[in-house]
Amino acid sequence: MKVCNSWLSIRAAAMRRAVFIVAMLVLAGPNASAVDFSHDVVPVLRQHCADCHTGDEAEGGFNFNSRSLALESGVIEAGSADESILVERLVTDDPDMRMPPPDRPGLSASEIRVLIDWIDQGVAWQAGFQFGEAKPELPLRLKSVSLPGPSGDHPIDQLVGRYFQQHEVRWPEAADDSTLLRRTMLDWVGRLPSPQETTDYLADTSPQKHTRLIQRLADDRVGYADHWLTFWNDLLRNDYEGTGFITKGRTQISGWLYQALLENRPYDQMVRQLINPPDDSSAGFINGIKWRGEVSAGQSLPIQFSQSVSQALLGINMKCASCHDSFIDRWTLSDAYSLAAVYADKPLAMYRCDKPTGAVASAAWIYPELGQVDSQADRGARLRRLAGLMTAESNGRFSRTIVNRLWAQLMGRGLIHPTDAMQTPPWDHDLLDYLASDFVRRGYNLQGTLRLITTSRIYRCRTVIDSGSVDDEGDTFVFRGPVAKRLTAEQFVDAIGTITGQTPKKADARVQRDADRVRASLVKADSLQRSLGRPNRDQIVTSRPSDVTTLEALTLANDPMLAQRLRQGARRLVDQYRGPSVDIDAERLIDDVYLTCFARHATSRERQVVLDSLGDQPTVDGLADFLWAVIVQPEFWYVR
């Protein structure tokens, strides 16, 4: 998206930022507290409505086995409870119209409020969840996949090509060189290409230039580790400050993790070291956070272990089952506590909704068909056995989970969505199992899978707009190509550092690295990063918000830290592009900013618009405004 005249002709900062806030607030919408479908909505519908309106039952033509069926019935109007027949039937005094019928208990006021808020908020639905009979999960053993051809094509493209034929989808157009260069560098090492890197890439006419680019980025071990540290910190809830650190109830795994990324340590080895730590350097993951004071049963260290191992490594939401049998999948309270007992160093009493059951958990692995943990063995032996069972080649759930996460990081959406709902059918089983089998065959090589995906034709395609193809239920999703991704908070801050020369002075992560520049992934989150979506890692985070928020709009318009960095960057540009006389080479300055931010040259129209806006001799204020106008463009914000 090009910088337009209406943006750059606004000279007054107050007016400029007011316009931006209004636009962003419109996109952001209301910021009301969201209803939790799994914990709030499902219990109400299951208790009061399921007997007559799920499975094969559809009394009155209303069936809510799935979101699509619920909406197709015409009883629910997503986004408007006032126009929904369901709400009307719940609150009416007419006994002939009331739901549930008079011979059954009605809903309480609080239960009706939950459904009203749920409908007003758009009828959110857990991906893949159905009230009827659950779809079978994929077998634990990976499927042997035969590639459909043509034999000379990239294996991923063979499978995607067959999928497109089956679903009557046309291949997306190829991305242009600028877009592909920027995307690949941000995906591999998390930074923008320099003007020289962009100029060289655009001038290269070799058909192998993208493959060579990937090789160069894979060889940049520090850049790779700096960037992917963000993904793994989120997934393993590793951070440099926060709950537990002051009281020594939590420890970093940063040094161990960074070294594993530097050397591209095999993933199965990493996981064995996480589950059964050889020393304290990787123990922080399973040891969790020792909270101060009294905590609920669901926050005890053994239960944290059960939840973290299940979610991070297997894509299982064990949080529901840690309190009671899950409402949304097959996991039970006993499953959660059995896995927790593997970690526990003393008999583990079971609690249901914080009330003791009188039972004591027995250590067990949740997939007994793959083998079992000896509940009578000591803690060290139990953890070693669990580490072996988790990383066994026969455990396809393990390899599928990580390749699905990597695909989502690169392509904008997983083959299974969301990535923590691995019980959900993938949009292409063969492609998922091919990636997982290749991952195992390569020795659990993370960079090998990244290379496999990024060298494919489908990765090199233009991003698509998913209007109509993404459904909250997952099973109706039709893949059409890569999806644009937002810059992470860390990528955004690093990009600002590249433009302005303002970078952190010292790393907070306890890592050994051979580089002078400190990247945002290595420092504690400041207010700017927090507002742009960097999470509080007290919990595992496997996806960050993709929607614009009110806080982001206000921060980009008013954050003094950002404004200061842009002014300092503007002063740097004045000094850097001042010619032999006092004049500034404005045209070269403008083009280099475009090469840095967008990996392309400015068009003649863009160049003229900016020149007209800056005047004969750009000032620091004018250049700061120019930089601000550039960084709020969607072309800058998104990895396309």
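The values are calculated or read from the model by the stated rules, or taken from the named source; none is laboratory data. Model, not experiment: these values are computed from the prediction. Positions of Cβ are backbone-derived with ideal geometry, glycine not excepted, and every protein chain shown enters the neighbour counts. The protein model used for the area step is the full one, side chains on, heavy atoms only, and it has no ligands, DNA or RNA in it. Shrake-Rupley method; radii C 1.70, N 1.55, O 1.52, S 1.80 Å.
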Exercise. Using every alpha carbon pair in region 330-390, what percent of pairs falls into each 10 Å bin from 0 up to the bin containing the largest distance?
Worked result: 25, 53, 21, 1
For this session: Determine the gain in length on full extension of the stretch Val620-Ser543; use 0.36 nm per residue of separation and subtract their C-alpha separation, reporting nm with one decimal.
Result: 23.9 nm
Exercise. Between Asp516 and Val360, how many nm apart are label points set 7 Å from Cα along the C-beta direction?
Worked result: 6.2
Exercise. Put +1 on the Cβ of every Lys and Arg and -1 on every Asp and Glu Cβ in the chain; which of Pro195, Pro95, Pro43 then has its Cα farthest towards the positive end of the dipole?
Worked result: Pro195
For this session: Calculate what fraction, in whole %, of the accessible area of the chain sits on carbon and sulfur atoms when a 1.4 Å probe is rolled over the protein chains.
Result: 49
For this session: Would you grab the residues whose amide H sits under 5 Å from the one on Val464? Only those 5+ places off in sequence or on another chain, please, with H modelled 1.01 Å from N.
Result: Val483, Ala484
Exercise. Calculated FRET efficiency, Asp117 and Ser394, Cβ-Cβ r, R0 56 Å, to nearest 0.05?
Worked result: 0.80
Problem set entry | Full-stretch length increase - Gln269, Arg588 - with 0.36 nm per residue and alpha-carbon distance subtracted | 109.9 nm
Problem set entry | the chain: calculated mean residue ellipticity at 222 nm from DSSP helix runs of at least 4, using -39500 (n - 2.57) | -13500 deg cm²/dmol
Seminar exercise, completed: The helix 221-235 Cα axis meets the longest alpha-carbon principal axis of the chain at an angle in degrees, between 0 and 90 and rounded to 10, of 30
Exercise. Using the alpha-carbon atoms, what tilt in degrees (0 to 90, nearest 10) does helix 177-188 show relative to the longest principal axis of the chain?
Worked result: 50
Exercise. Exactly which trypsin sites (Lys or Arg not before Pro) in region 580-612 are in a DSSP loop and have at most 15 other Cβ atoms within 10 Å?
Worked result: none
For this session: Assuming R0 = 51 Å, can you tell me the calculated FRET efficiency for the pair Glu59 and Glu294, based on Cβ-Cβ distance, to the nearest 0.05?
Result: 0.65
Problem set entry | Neighbourhood net charge (15 Å Cβ-Cβ; Lys/Arg +1, Asp/Glu -1) for Gly533 | -2
Problem set entry | Length-normalised contact order of the chain in % [C-alpha pairs under 8 Å, at least 6 apart] | 19
For this session: Take the alpha carbon atoms of region 99-174, find their center, do the same for region 504-571, and report the distance between the two centers in whole angstrom.
Result: 34
Problem set entry | Rounded tilt (10° steps) of 604-614 against the dominant C-alpha axis of the chain | 80
Problem set entry | Exposure rule at most 16 other beta-carbon atoms within 10 Å, DSSP loop GluC sites (Glu not before Pro): the chain longest free segment | 394-640
For this session: Set the Förster distance to 35 Å, then compute FRET efficiency between Ile85 and Arg352 from the Cβ-Cβ distance, nearest 0.05.
Result: 0.45
Seminar exercise, completed: Classified through the alpha carbon gyration tensor (a ≥ b ≥ c as square roots of its eigenvalues; rounded if a/c is under 1.5, else prolate when a/b is larger than b/c, else oblate), region 114-200 comes out oblate
Exercise. Please state the equivalent ellipsoid semi-axes for region 460-617: what are the square roots of 5 times the Cα gyration tensor eigenvalues, largest first, in whole Å?
Worked result: 33, 24, 15
